[in-house]
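The values are calculated or read from the model by the stated rules, or taken from the named source; none is laboratory data. Fair warning: this is a prediction, and the values are worked out from it, not measured in the lab. So basically every Cβ, Gly included, is an ideal-geometry build from the backbone, and we count neighbours across all protein chains shown. For accessibility, only protein heavy atoms count, side chains too; no ligands or nucleic acids. Shrake-Rupley method; radii C 1.70, N 1.55, O 1.52, S 1.80 Å.
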Amino acid sequence: AFTSVDTAIGYQHRWDGGAIAVLAGFHQENHILSVADPGNRVQGAASGPSILIDMWTKPDASTLMTAYVSATSVYGGHYSRMFVGRRVSWLKNAFVGPELALMGNDTYWELRLGAQLNSLYVGPWGASASFGTSQNQDNHSSLYGSLNLWRKLDFSKVFRLPRMLRIGNIWRRRF
């Protein structure tokens, strides 16, 4: 299992029905191996710079499409995810649908296919949850679960910026 945290600042461009954000920041992760592996350099805690691109669009009132890509210097890590969901009105307009994710680093990759519940908001906080099946480079299949939390801050009125400056703090726990 591992935990990762991204703290980033960047620029978001919004248009009617969508947005794209480019952020740079700091990535930290902690790998806990279930079996001792002294030859594996990807274990324990490490941190370093990262870059993230986050996009979303709503082609109609009932559909949400998202894409997320990140890369970090920590173990050569990368993560990408695509999601297409349909609105669930009884969950305060959250979206449910399939997701496809690819993640890895210098020594490992994993492909995930699952379901995601996206756009759960309580005040300024947002969350999404995912579960499904994964396949790695050793041809090993397993189940996965993911919880993502974020908070967006809009400083455009404070600093009179022409567009939205976005600061994100993303916490993930992957199993």
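A count restricted to the range 2-46 and to residues that are of a type in the set (Asp, Glu), within 19 Å of the chain's Cα centre (by Cα) and closer than 14 Å to residue 107 by Cβ stands at 1. If you check 156, 119, 130 for being closer than 24 Å to residue 60 by Cβ and at pLDDT below 90, only one passes: 119.
The set of residues in the range 62-110 that are over 14 Å from residue 130 (Cα atoms), among the aliphatic types (A, V, I, L, M) and open to solvent by 70 Å² or more (accessible area, probe 1.4 Å) comprises 65, 69. Please specify each residue of the range 12-47 satisfying the condition of being over 25 Å from residue 128 (Cα atoms) and either surrounded by fewer than 15 Cβ atoms within 10 Å (Cβ to Cβ) or in contact with a Gly (Cβ under 6 Å, 6 or more places away or on another chain) (or both). Correct list: 33, 34, 35, 36, 37, 38, 39, 40, 41, 44.
Yes or no: residue 50 in contact with a Gly (Cβ under 6 Å, 6 or more places away or on another chain), open to solvent by less than 60 Å² (accessible area, probe 1.4 Å) and in contact (Cβ under 8 Å) with a residue 40 or more places away in the chain? Taking the combined requirement at face value, the residue satisfies it.
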